[in-house]
Structures are given as structure tokens and as C-alpha cells.
Amino acid sequence: MRFDVVTLFPELFGAPLEVGVTRRAFESGQVGVKLWPLRDFAEDNYRRVDDRPYGGGPGMVMLAEPLERALAAVKADRGAAAPVLHFTPTGRRIDQAVVREFAAGPGAVLLCGRYEGIDQRVLDAHVDVELSLGDFVLSGGELPALALLDAVARLQDGVLGDARSHEQDSFSDGLLDCPHYSRPEVLDEGDAVRPVPAVLLSGHHADIARWRRERSLELTARRRPELVAAARAAGKLTPADEKYLASLGL
């Protein structure tokens, strides 16, 4: 799996690819990342990659020609075809389903825009998929690209310490994850004593599993009810799940 990143700011990708548990995927080459600094493909003395928009208006637009040359170089270097992704508010929202699609694929070319955007002719000619991190505006496509790389990396075999970890993540079954607790057994802060829920100390695995499932259902129903509706429509809720949700009156 290989991701080629066309960006004005390759330095933004340094630390995120070198720290944390996901670095295993990048260091091992399970998820290859090659950075393509866009200014390397500018041909004038000023290495210009942007200019004023036709029709007037504020801001600058990324020029077509450096991007065309960069994408041609990526294509020649890769050999095999790969989808070209552009990060934009008009794109499909990145969710766990999107992450799983790319985690199981050959990789992609990540096109990171800046300024007011990219010359539309480049997008029309080359972009296969448009993705969005959410309904807000960022300074460029680098942060969404990093988010996608991190999410894809943690789904690769052997990257997480426990292979079951990502199977229990939020959204893995369509719901939010349950709360988690660790040492100490009782957190004593003088005016407040907060113990770990007793069921988690019981050793009864079936009871613990049910408690976690119910907490997941309750949290999702209260904070993201549309996810419960989607899980129901997809047949992911059991009769026991439905009975518990009904008891909540939500």
C-alpha cells in the first residue's frame, strides 16, 4: 500500500509519521508514504504555484501547470494506477467506512489544496474521489490527509499492540465505543470518591460484555442517535439491544 502526497508543505508530515503506535506501519513500509513538494514542479524563477483568480475576488488559486506536472510524475513513478483524492468541503465525509475502503486497497494519490483552492480544470481531469474532514474550513488538505493516513495505518495487521483493539473502536460496529477504566480501583480526591464500575471487577466475562454493549448503546443513543438508526437499518442491533434501548425511553 502506497500513498503519494502532493503538497506545498511536506514538512507538516514529519512528526505525525514518526511517533505513536502508527509509526510501525510507516517504518515497516506496510503503509508507504512518498511526499511530492509542489514547488519542485514550478518552472519559473520564483517557483510560483499560485496566482490571482480569473473574475476577481480575494485570495489566490493554485495553478494548473505545476499540479499537472506533479501528477504526471507521480503516475510515472507509481507505474500502477491509483485513485486521486482531493480534500475539500464538497467531498464525502470521512468516516470509518471510508477508512476501511482505503485500508484494504492499494493506496492513493493525496492532492492537498491550499489558498482559495485548485484550478478546477485539474480537478475535473484527475480527481477520482473528494473527501472532507467535516463541515468546517482548514487552511489546506494536509491535516485531512494526515488524518486519513493515521486511520488507515492503525487498521493494518500488527500495528496495534492488540489485534482486537480496532475491532472495539467507535464506529467498528456502527456505534460509539463504551467508557474505559484503569488503575486505581478507587479514585479518592477527598470530596469525591469515584470507583471503577463493580461489573468490570467481577470477572464475569458475559456480564462485562453486556455492560459494555449497553454503555455503547446508551452513549450512542444520547449523543449520536442517527448512528443507532443506521445500525438498526443495517441489521446490527439484536433483540437484547432493542429491549435495552426501549428501557432508556430514547
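Couple of notes before you dig in:
- Under the condition of being at pLDDT 90 or above and open to solvent by 30 Å² or more (accessible area, probe 1.4 Å), the residues counted in segment 158-187 number 10.
- Residue count, segment 88-101 (criterion: touching a helix residue (DSSP H, G or I) at 6+ places or on another chain (Cβ under 8 Å), open to solvent by 20 Å² or more (accessible area, probe 1.4 Å) and hydrophobic (A, V, I, L, M, F, W, C)): 1
- Hey, Arg154 in contact (Cβ under 8 Å) with a residue 60 or more places away in the chain and touching a helix residue (DSSP H, G or I) at 6+ places or on another chain (Cβ under 9 Å) or not: yes
- Asp40 open to solvent by less than 90 Å² (accessible area, probe 1.4 Å), out of contact with any Cys (no Cβ under 7 Å at 6 or more places or on another chain), among the acidic types (Asp, Glu) and farther than 30 Å from Arg154 by Cβ: no
- For Ala70, the requirement of being open to solvent by 40 Å² or more (accessible area, probe 1.4 Å) and not in a strand (DSSP E or B) is not met.
- For segment 45-61, the count of residues that are surrounded by 13 or more Cβ atoms within 10 Å (Cβ to Cβ) and among the small types (Gly, Ala, Ser) is zero.
- Test for Ala76: is it open to solvent by 40 Å² or more (accessible area, probe 1.4 Å) and under 28 Å from Glu226 (Cβ atoms): no
Residue by residue, here is whether (1) at negative phi; (2) in contact with a strand residue (DSSP E or B) (Cβ under 8 Å, 6 or more places away or on another chain) holds:
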{"site": "Ala76", "(1), (2)": "yes, no"}
{"site": "Leu85", "(1), (2)": "yes, yes"}
{"site": "Pro106", "(1), (2)": "yes, yes"}
{"site": "Cys112", "(1), (2)": "yes, yes"}
{"site": "Gly117", "(1), (2)": "no, yes"}
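- Counted residues, segment 195-250 - those being touching a residue at least 40 places away in the same chain (Cβ under 8 Å), among the basic types (Lys, Arg) and surrounded by 12 or more Cβ atoms within 10 Å (Cβ to Cβ): 2
- Glu130 vs. criteria touching a residue at least 24 places away in the same chain (Cβ under 8 Å) and acidic (Asp, Glu): yes
- Test: residue in segment 200-210 that is charged (D, E, K, R) and outside any helix (DSSP H, G or I): no
- Taking segment 1-19 as the range and being without any contact (Cβ under 8 Å) to a residue 60 or more places away in the chain, open to solvent by 40 Å² or more (accessible area, probe 1.4 Å) and either over 17 Å from Pro144 (Cα atoms) or within 19 Å of the chain's Cα centre (by Cα) (or both) as the test, the residues that pass are Ala15, Glu18, Val19.
- Sole exception among (1) at pLDDT 95 or above; (2) open to solvent by 40 Å² or more (accessible area, probe 1.4 Å); (3) under 30 Å from Leu175 (Cβ atoms); (4) out of contact with any helix residue (DSSP H, G or I) (no Cβ under 8 Å at 6 or more places or on another chain) for Pro144, by number: (2)
The values are calculated or read from the model by the stated rules, or taken from the named source; none is laboratory data. Since the model is a prediction, treat every value here as computed from it, not as a measurement. Cβ coordinates were reconstructed from backbone atoms using ideal geometry, including for glycine residues, and neighbour counts include every protein chain displayed. Accessible surface areas use protein heavy atoms only, side chains included; no ligands, DNA or RNA. Shrake-Rupley method; radii C 1.70, N 1.55, O 1.52, S 1.80 Å.
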